[in-house]
Amino acid sequence: MTNFSDMLSKAKAMQEKMKEAQEQIKKIEVEGMSGGNLVKVILTGDYELKSIEISDSAKKENQDIINDLIIAAYNNAKENLKKKSADELSKITGGLNLPLDFKLPF
């Protein structure tokens with residue numbers, strides 16, 4: 001039974017590390033850009049859009065182009081956040097590829 005107890009305590013420790021990783025990731029901020037820096041967005045670790053910067057030259061474009069630039073910048077930031085989140089998670093979990101929302105059944 002010692003083996004099971006040891007395994008259970010290791011699982012609980014991993015769960016605590018995952019909680020820590022989730023909190024650290026929420027603090028991350030990443031930048032996304034599009035159109036050769038015409039539009040920049042800042043995205044937080046929980047995918048909240050924090051800011052949008054539209055350059056003066058982009059503001060001269062029609063609304064559809066501006067919308068596309070904002071979407072592209074957001075998608076760029078989202079990809080950057082996924083990479084940065086995976087790096088942060090890897091540091092805390094010692095390289096295990098666990099999903100960010102990993103939960104143990106107890």
Residue list for the stretch 1-48, filter: without any contact (Cβ under 8 Å) to a residue 40 or more places away in the chain, surrounded by 14 or more Cβ atoms within 10 Å (Cβ to Cβ) and hydrophobic (A, V, I, L, M, F, W, C): LEU38, VAL39, VAL41, ILE42, LEU43
Helices (runs of 4 or more DSSP H) completely within the chain that count 1 or more residues being modelled with pLDDT under 85: 2-26, 63-93
Hits in the stretch 32-74 - residues which are among the β-branched types (Val, Ile, Thr) and touching a strand residue (DSSP E or B) at 6+ places or on another chain (Cβ under 9 Å): VAL39, VAL41, ILE42, THR44, ILE52, ILE54, ILE66, ILE70, ILE71
In the stretch 31-56, the residues that are closer than 11 Å to TYR74 by Cβ and hydrophobic (A, V, I, L, M, F, W, C): MET33, VAL39, VAL41, ILE42, LEU43, LEU49, ILE52
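The values are calculated or read from the model by the stated rules, or taken from the named source; none is laboratory data. None of these values were measured; they are calculated from a predicted model. Note that each Cβ is placed from the backbone with ideal geometry, even for glycine, and that neighbours are counted across all protein chains shown.
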